[in-house]
Amino acid sequence: MNKNSSNIMALTANTSNKRETVCIFGTGDFGRALGHKLIQSGYPVVYGSRSTQISNLIPKDAEVLGHAEAAQKAAIIIIAIQRQHYNFLTPLAEVLRGKVLVDISNNLKLNQYPESNAEYLAQLLPGSKVVKGFNTVSAWALQSGTLDASRQVFVCGDDMEAKQMVMNIVRALGLTPLDKGSLLAAQEIENYPLQLFPMWKFPILLSFGLTAFFFFYCLALDVIYTYIYENNNFSFFIAITIPNRVCPVMALILLALVYLPGIFAAIIQLYRGTKYRRFPDWLDKWMLCRKQLGLIALAFASLHVVFTLVTPLRAFVRWRSSKGVIAQALNNKTEPLNNTDAWLSDSYLALGILGYFLFVLLGITSLPSVSNNVNWREFRFVQSKLGYLALILCTAHTLVYGGKWFLSPSAYKWYLPNIYILSLIVPCAVLVVKFVLIFPCVDKPLTQIRQGWERNPKYSE
């Protein structure tokens, strides 16, 4: 009777300033780091261990006892051990009855077991209240004060009161708890740390594929063609010239691909006459990775800026400039300034600078620390309105620079268009369709559909 009463009292909200004692089973890296952080936050900590000898690695203000004795001193027990060692908890079932057990374990691979580790723990100890949490936080993050790591902690469990107690501890540690629901969500939470950039897979593969295509395309036209037909060895173009052509092309195309799924979504909604039907899976996945596509595009744009800035340092550029000066001196003739070329040069540079400025602004506002401090309207204004303006400026930058090759027969080596001509296909298509979509006759019904209006309500799903 007394034991049950003490457990019930331990589970009630702590109204005093004193923190409740937390027990940790396991003295590994994470168990020690978590204990140290709990002590810093004002929690008395007791470790349950096979060896009750106090080690220098254990936080000095923590107590070390046997498992059963340590469990009796706390209502919340953090299980900081791996699943294969859970069997030692079975003899402690009576001591752990009514206690809150926080499972923090992870596996070595996705879906390693039929059930999650937390569900397995709940099966071993049906009298305990199992909560999944802390498995997405590393020992290093706790030791560094979480300043350089994610502050989110996913929490799930079947007992609401027990889950709330764990979430209170998460908040006390300066972290942000995120309630993922019942213990059935534990499998998803355990798989999360094992995923290697899940939202980056498609953008990275697409970027690698397009980069390889454009690199070999330029290699064929600028190096191989020149060597075969003009007997000039420009193989050194591989180091600077070709990358400085591929990078701006990739930046422009990827930026256009950020806004292309929104165009597809608008067309599909206009065609269906409703917003209450799911988009195709490929479009859903595409829209979810737009942020990653945009950041990769910004990386390519930044590389283009760096490559352009080092261009005057290249031996080839210095040789070509001195050759032009010597040719004018030998001919005793100074080439007059071509105002048209001067205007085009300054214009494409100005457009590039403005476009890159907006590009950087888009990247900054996509950071969680910035986006969390602006409201939805401000975020949408930057990402949509200024985003399209950035696309217009970057497209104009490319048009002004590479437009001269459209009508030049010499630019079509092996009857293939210049790389800058190819780079304009997707962004120009996006801008033309977007221009059509903002016409009042198209924009008005689209806005009504997005506000809930349906053309044929009986067909909605």
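List the pairs whose first member sits in region 246-260 and is in the same structural domain as F357 (by the TED database), whose second member is among the charged types (D, E, K, R) and open to solvent by 10 Å² or more (accessible area, probe 1.4 Å), and whose Cβ atoms are under 7 Å apart, counting only residues at least 6 apart or on separate chains?
As it stands, the answer is V258/R290, since those pairs meet every condition given.
Condition first: open to solvent by less than 40 Å² (accessible area, probe 1.4 Å) and at pLDDT 90 or above. Now tell me which residues in region 120-142 satisfy that.
Result: L121, A122, L125, G127, S128, V130, V131, K132, G133, F134.
Among the candidates K285, K275, which residue alone is touching a helix residue (DSSP H, G or I) at 6+ places or on another chain (Cβ under 9 Å) and either crowded, with 16+ Cβ neighbours inside 10 Å or modelled with pLDDT of 95 or more (or both)?
Working: K285 fails: either crowded, with 16+ Cβ neighbours inside 10 Å or modelled with pLDDT of 95 or more (or both).
Exactly one of K285, K275 is touching a helix residue (DSSP H, G or I) at 6+ places or on another chain (Cβ under 9 Å) and either crowded, with 16+ Cβ neighbours inside 10 Å or modelled with pLDDT of 95 or more (or both), namely K275.
What helices (runs of 4 or more DSSP H) completely inside region 1-111 contain at least 1 residues that are more than 26 Å from Q123 (Cα to Cα) and at pLDDT 85 or above?
Details: elements: 2-11, 29-40, 67-72, 93-96.
Answer list for region 1-111: 29-40.
Is there a residue being surrounded by fewer than 20 Cβ atoms within 10 Å (Cβ to Cβ), among the hydrophobic types (A, V, I, L, M, F, W, C) and assigned by the TED database to the domain that holds M160 anywhere in region 106-118? Walk me through how you get there before you give the answer.
As a first pass, look at region 106-118 and keep what is surrounded by fewer than 20 Cβ atoms within 10 Å (Cβ to Cβ): 106-115.
Subsequent filtering for residues that are among the hydrophobic types (A, V, I, L, M, F, W, C) retains 108, 110.
Applying the additional criterion that residues be assigned by the TED database to the domain that holds M160 yields 108, 110.
Yes; the residues of region 106-118 include at least one that is surrounded by fewer than 20 Cβ atoms within 10 Å (Cβ to Cβ), among the hydrophobic types (A, V, I, L, M, F, W, C) and assigned by the TED database to the domain that holds M160.
Count, please, the residues in region 239-258 that happen to be within 17 Å of Y356 (Cα to Cα) and not hydrophobic (A, V, I, L, M, F, W, C).
Number satisfying all stated conditions: 3.
Scan region 193-219 and report the pairs whose first residue is closer than 19 Å to A251 by Cβ and in the same structural domain as K413 (by the TED database) and whose second residue is of a type in the set (A, V, I, L, M, F, W, C) and open to solvent by 60 Å² or more (accessible area, probe 1.4 Å), with Cβ atoms within less than 9 Å and a gap of 6+ or a chain change.
Qualifying pairs under 9 Å: I204/F197; F215/I238; Y217/L416.
In this structure, does L184 turn out to be open to solvent by 80 Å² or more (accessible area, probe 1.4 Å), out of contact with any Phe, Trp or Tyr (no Cβ under 6 Å at 6 or more places or on another chain) and of a type in the set (A, V, I, L, M)?
Details: open to solvent by 80 Å² or more (accessible area, probe 1.4 Å): yes; out of contact with any Phe, Trp or Tyr (no Cβ under 6 Å at 6 or more places or on another chain): yes; of a type in the set (A, V, I, L, M): yes.
So L184 fits the description; yes.
Looking only at residues that are β-branched (V, I, T) and touching a helix residue (DSSP H, G or I) at 6+ places or on another chain (Cβ under 8 Å) in region 202-226, which one is least open to solvent (accessible area, probe 1.4 Å)? If you could, list the steps in order and put the result at the bottom.
Kept after step one, since they are β-branched (V, I, T), are these residues of region 202-226: 204, 211, 223-224, 226.
Remaining after also requiring touching a helix residue (DSSP H, G or I) at 6+ places or on another chain (Cβ under 8 Å): 204, 211, 223.
Numbers: I204: 63, T211: 38, V223: 17 Å².
So, considering only residues that are β-branched (V, I, T) and touching a helix residue (DSSP H, G or I) at 6+ places or on another chain (Cβ under 8 Å), the one least open to solvent (accessible area, probe 1.4 Å) is V223.
Quick one: which helices (runs of 4 or more DSSP H) lie wholly within region 194-312 and hold at least 2 residues that are of a type in the set (D, E, K, R)?
Details: elements: 201-218, 225-230, 241-272, 281-288, 290-309.
Because the criterion is at least 2 residues that are of a type in the set (D, E, K, R), the helices (runs of 4 or more DSSP H) in region 194-312 that meet it are 241-272, 281-288, 290-309.
The values are calculated or read from the model by the stated rules, or taken from the named source; none is laboratory data. Model, not experiment: these values are computed from the prediction. Using ideal geometry, Cβ is built from the backbone for each residue, glycine included, and neighbour counts are taken over all protein chains shown. SASA here: full protein model, heavy atoms, side chains in, ligands and nucleic acids out. Shrake-Rupley method; radii C 1.70, N 1.55, O 1.52, S 1.80 Å.
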